[in-house]
1. Using only protein heavy atoms and a 1.4 angstrom probe, determine the accessible area buried between B and A, summed over both sides, in Å² to the nearest 100.
2. If we restrict to alpha carbons, what Rg and Dmax does chain A come to, in Å?
3. Tell me the angle of helix B:130-163 to the major Cα principal axis of chain B, expressed in degrees between 0 and 90 and rounded to the nearest ten.
4. Can you tell me the 0 to 90 degree angle between the C-alpha axis of helix A:493-523 and the longest principal axis of chain A, rounded to 10?
5. Give me the inter-chain shielding for B:21-32: mean count of other chain Cβ atoms within 10 Å, whole number please.
6. Expressed as a rounded percentage, what relative contact order does chain A have, with Cα pairs under 8 Å and six or more residues apart?
7. Per-residue Cβ counts within 10 Å, from other chains only, averaged over A:270-283: what number is that?
8. Given the peptides B:148-160, B:72-84, arrange them by the average over their residues of other C-beta atoms within 10 Å, most packed first.
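The values are calculated or read from the model by the stated rules, or taken from the named source; none is laboratory data. Predicted model only: the values in this text are computed from it and were never measured. Note that each Cβ is placed from the backbone with ideal geometry, even for glycine, and that neighbours are counted across all protein chains shown. Keep in mind that these areas ignore ligands, DNA and RNA; they rest on the heavy atoms of the full protein, side chains included. Shrake-Rupley method; radii C 1.70, N 1.55, O 1.52, S 1.80 Å.
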Amino acid sequence: MLDNLKEFASEFFVTGDPLILGAQVSIALTMIAIVIVLTYFKKWRWLWTEWLTTVDHKKIGIMYIIASLLMLFRGGVDALLMRTQLAMPELNFLEAEHYNQIFTTHGVIMILFMAMPLMFGLFNIIVPLQIGARDVAYPFLNSMSFWLFFWGAMLFNMSFVIGGSPDAGWLAYPPLSELSHSPGVGQNFYIWGIQISGIGSLATGINFIVTILKMRAPGMRLMKMPMFSWSVLSSCISIIFAFPILTVTLFLLFLDRFLGAHFFTLDGGGNPMMYINLIWMWGHPEVYIVVLPAFGIFSEVVAAFSRKKLFGYASMVFAMIAISVAAFFTWAHHFFTMGSGANVNAFFAVTTMIIAIPTGVKVFNWLFTMFRGKIQFTTPMMWAIAFIPCFVVGGMTGVLLSVAPADFQFHNSYFLIAHFHQVLIGGVVFGYFAGLYYWWPKMFGFKLNEHLGKWAFWFWNIGFYVCFMPQYLLGLMGMTRRINVYDFDMGWQPLNVVSTIGAFLMGIAFLFQVWQIAHSIKFHKKDTTGDSWGVGRTLEWSIPSPAPVYNFATIPVADERDWWWEEKERREQGIQPKAIPLEPIHMPKNSAIPFIKSLCWFTAGFGFVFNWLWIAIPGLIGVAICMLVRSFQYDTDYYIQVDEIKRTEAALRGAN
Amino acid sequence: MAHAASHHDHDHGHHDQEELKTFGFWIFLMTDCILFATLFATFVVLRLNTSGGPTAEELFSMPGIIAETFILLTSSFTSGLAVLSMQKGDKKGLIGWLIVTLALGIAFVTMEITEFVHMVHEGATISTSGFLSSFFTLVGAHGLHVSIGIVWMIALVLQLARRGITSVTKRKVTIISLYWHFLDVVWIFVFTVVYLMGVM
């Protein structure tokens, strides 16, 4: 009995690697510590009623952001491990197998469990405030999206301590990801972790499209809407068209592995190239999905800190929509070398180059917005300014890659690695940092320490260039991606050392940010104005920070672009807004179903990972029961009475 | 401006909420459309990869399929009749037609499962060839949608019996009938692309 148990445990848990053992111990200690702290301070009920069951978009947004920062930590540690391994030729810091796992999880985590939730966090907190809504269109579904993401991410992250991580690359190309080549459970974790969180992302896409189209404040026509909300709309349009493809593709791969189907296998009439086409039909729009909201953030930040209206509003809207549509016609540029033929390659090369045009339009819009503006160099603005040259260079190397014949040389080299890190870090990460710093006071009611933020900014930026510029050269020197060792005589060592130093500089930058957040929590100055930068232009800055649960006591008629800016000018001239009488506010009730149902999905996914139907089937039954219970619920909302609104507003405004 | 008018009352009353949910369901159907489009594309790519196993012509027996098709088309019609009864405020008619729709839906799923079981007994399983993998997945995905619709409709009939026709139940019936018609349209494509193109 004991021996059986030992044998089971040795296969179930990942053993034998001191790094992973360290992680296992620290995870166990952290979990015990969390339980002790929650119990000691009697916070379990608070956690459950205030957070786990909440349907408030602001709290859900905060949970997304916390989760994504934790994932940034994990993905970043993966990156540093890889860079350490590559710093010296023939180093044996990471075994080949472990290295494969780490580059796989680094990619998946950074895109799907860091960038996506950080993006959804900002969607959640800002969009309803910016368009003058009391919540998103479907608050219950919104909570469901979050918990599906959360449990999907947990399932994926578990793989490195239980069962073994996936190691077939971040997009898991078959036949490598098939049972024939990856017989372990790692790929199953990959499939189910992404599948579960992907359903949540799809639901978020639907939710925000409806929120933006149907719940804007009176008078706010689409062409008066703040630019961030436009970017969210264009991103969500891409989500609803791209994510169903991901769902199907992963499901087909699951059927191959679970039921022995022949979709992407080498034998039995399967076609691995079909998978690569399908996954990129999702995967290419996906990179635009994450970068479009960053463009929206830059538009807000640049206009606010230049104290000017955004230059070229209509062209910006046009550019965003053009990008979200054109994103669906470029997928084959990820595999020019597959042999689709010259005509197919030419088509996709041209569409790829065309995307550079609307992007260029946007860059000029931002530059002209700053032109002759009174620029304030606050941290959000610094990120926005640093983004422009970085993204332009990244975009231009992208155009180099889009030239199909030349791509035969660049393909799968470090040139490509440097390119996409430059657009994803320089575009997405810089953008979300700008947004996080800009809207932080709106979320929590205090600003982050600017001094420490500037240290973090410079470490990130210098680290970025030191890390990735050498990689372009390494790519041209022939270094291919996903290798874990190289010979002394390749001549790659000096540049690799430089690159590794850059990676650690970015690691230090992250530590500065952690310090910055901790420092600001302890020593912050409470913001009492609601418009904490003093330069807010849009609706979210017209209400107290953090916003009350119902957001707007009365919803203003926002019938001009930059409504709050205009309103402030009117108030300076002594024109007071017309008082609108308070009315009871209709709000959704909290619900435990999203949490429980997502946990059931997690259970089902866990069962499928190990082929344990006795766990998977009860999990699926749990999902079905949750759906039926919800269907029979009719008492799902309540009203906040006028007295209570008055009390809340007095308390919030009284601090003025 | 109709839009501003619809927001005139500041709290979103129940009526507004129901409209919002119907609109969102249309968008969900668009995503479901993409889901089926992906499955169709996969089927079209793999349909000739029989890998020495049975071909479409050898497997499909059209009379049963045509019967299934008519059953599903009729169920779409009866679900339409259910909505018409609802508009007239006729609760009995509504529940009655929903039950007829349910019966036809169950008949459809039963016939499909019988067809699948028959094929498996002939040795044509999901792991036989790329063609059969994509066949079972595409047709099965449609069948799974119909099955979910059946469970959902039963739940709805119970709610209607208990609560009658209210703005909430009205929206629920509207949504499920949208879903049901959508599955009908998908089936027409399945019938054409999978079965007719298979045997012709």
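1. For B against A, buried area totals roughly 3900 Å².
2. My reading of the Cα-based Rg and Dmax gives 25.0, 83 Å.
3. Rounded to the nearest ten degrees, it is 30.
4. That works out to roughly 30 degrees.
5. If you average over the peptide's residues, the count of other-chain Cβ atoms is 5.
6. Computed value for chain A: 17 percent relative contact order.
7. 2
8. B:72-84, B:148-160
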